[in-house]
Every structure is written in structure tokens, then in C-alpha cells.
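*Asks:* Here it is, the structure in full.
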Amino acid sequence: QAVVLTLQEFPVVNSSCDGKSTRWHGHVNLGLAVSVEGGLVVPVIRNAGQLTLMEICTLSKQLADKARAGKLTPDDMSGGTFTISNMGMLNVENFHAIINPGEAAILAVSSTRKQPVVRGDQIVIRSIMKITLSSDHRIVDGATAARFMNELVRLLETPALLLVEGA
């Protein structure tokens, strides 16, 4: 949900390029990288901007299960406008995902790790998750990518905003 909301605010990150022209999408078709025996597939949640957080969660689980069962159709894997690659369950501290051809960017989500952080004047232990955006610089410049990430982090660190902004 946080990614969808951020993509709606930064439509250039949700665009695609064929090498000659750039196309801005008025919808978010969210690709989810799923590891399967023999490789990786990317099923797509269509029109994710029209869905609630619970609908996105339900569809992502259904598509991942369908992928692992080897039952995805070509239609299930086409039309993505942005992809999330999550290696959090694999104890990965940090990684850089490879952009799917045509898409402007991909988000890499790593594992959470307990780390000391400063909150106010106190050192406290918090679960920290690294996320990395790989972007096609023909479409998304570094400053735009940084603003996109800052907004995404703001939403992730304040979950109540997802309910207000995603309602």
C-alpha cells in the first residue's frame, strides 16, 4: 500500500520506456518477484491503486501461491508498471534488484535487523529494514529517486498514514 501511494505521488517512477519513448501510466500494476524452482517469476497485481491494503495482501499471497504451484498464466505476469523484490525472509541485509525490462524502477526489500538507534537523546534497539531503489536514469534521475524513497520511508514509518491516505 505504501509503495502504491508513493507511486501515485511520483508517477515518473511508475512509467516505462521502450528505448525510444517514455510512457506514463495512470494506474499501478504492481509486480511481485517470486522465487520458484528454476528461477524467478513476477506476477502482477493489476490496478493496485484501486485496492485496499487487505485486498493487496490477499492478492499478493494468492499470486505467490499460484506462482509456487506453477499455475501462473502469461496474463498473470504481464503489464507490470513497477516491481517489488523482497528477500526479507532470506536473511539478506541489503541487495540491489535488477529492473524488469521496460519498467522505470524496482524496489529491493531486505531483512529486518535489530540495531541501536538514537531516538531523542536515548539509544534504543529498533528493527531496521533496508530498502533500495534501482532506477533507469533515462527516466528517473537520482533526486527524484531520493524524494520517492523519502516519501516511502515516511509512510512505512508511520503506518497510520496508510489508513488515512490509502482510504
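The values are calculated or read from the model by the stated rules, or taken from the named source; none is laboratory data. Because the structure is predicted, anything quoted here is derived from the model rather than measured. For neighbour counting, all protein chains shown are included, and Cβ atoms are generated from backbone atoms with ideal geometry for every residue, glycine included. Heads up: the accessible areas ignore ligands, DNA and RNA and are worked out on the full protein's heavy atoms, side chains in. Shrake-Rupley method; radii C 1.70, N 1.55, O 1.52, S 1.80 Å.
*Asks:* Could you check, for segment 8-19, whether at least one of its residues is free of Cβ contacts under 8 Å to residues at least 40 places away in the same chain and either open to solvent by 70 Å² or more (accessible area, probe 1.4 Å) or among the aliphatic types (A, V, I, L, M) (or both)?
*Replies:* no
*Asks:* Can you pull out every residue in segment 18-51 that is outside any loop (DSSP other than H, G, I, E, B) and either more than 24 Å from Thr73 (Cα to Cα) or of a type in the set (Lys, Arg) (or both)?
*Replies:* Within segment 18-51, Thr22, Arg23, Trp24 meet the criteria.
*Asks:* Let me ask something else about it. Could you grab me the full set of residues in segment 32-70 that are open to solvent by 80 Å² or more (accessible area, probe 1.4 Å), farther than 28 Å from Leu161 by Cα and of a type in the set (D, E, K, R)?
*Replies:* Within segment 32-70, Glu37, Arg68 meet the criteria.
*Asks:* Further question on the same structure: Just to be sure, is Thr83 touching a residue at least 40 places away in the same chain (Cβ under 8 Å) and not small (Gly, Ala, Ser)?
*Replies:* Here the answer is yes, as Thr83 does meet what is asked.
*Asks:* In segment 20-31, what count of residues is obtained for those that are more than 19 Å from Glu151 (Cα to Cα) and surrounded by 21 or more Cβ atoms within 10 Å (Cβ to Cβ)?
*Replies:* Adding up the residues that qualify gives 1.
*Asks:* Identify, by number, the condition in (1) among the hydrophobic types (A, V, I, L, M, F, W, C); (2) closer than 20 Å to Asp141 by Cβ; (3) not in a strand (DSSP E or B) that Met54 doesn't meet.
*Replies:* Met54 satisfies all of (1) among the hydrophobic types (A, V, I, L, M, F, W, C); (2) closer than 20 Å to Asp141 by Cβ; (3) not in a strand (DSSP E or B) except (2).
*Asks:* Quick check on segment 113-141: of everything there that is among the small types (Gly, Ala, Ser) and modelled with pLDDT under 95, which residue is nearest to the chain's Cα centre (by Cα)?
*Replies:* Checking each candidate, the answer is Ser127.
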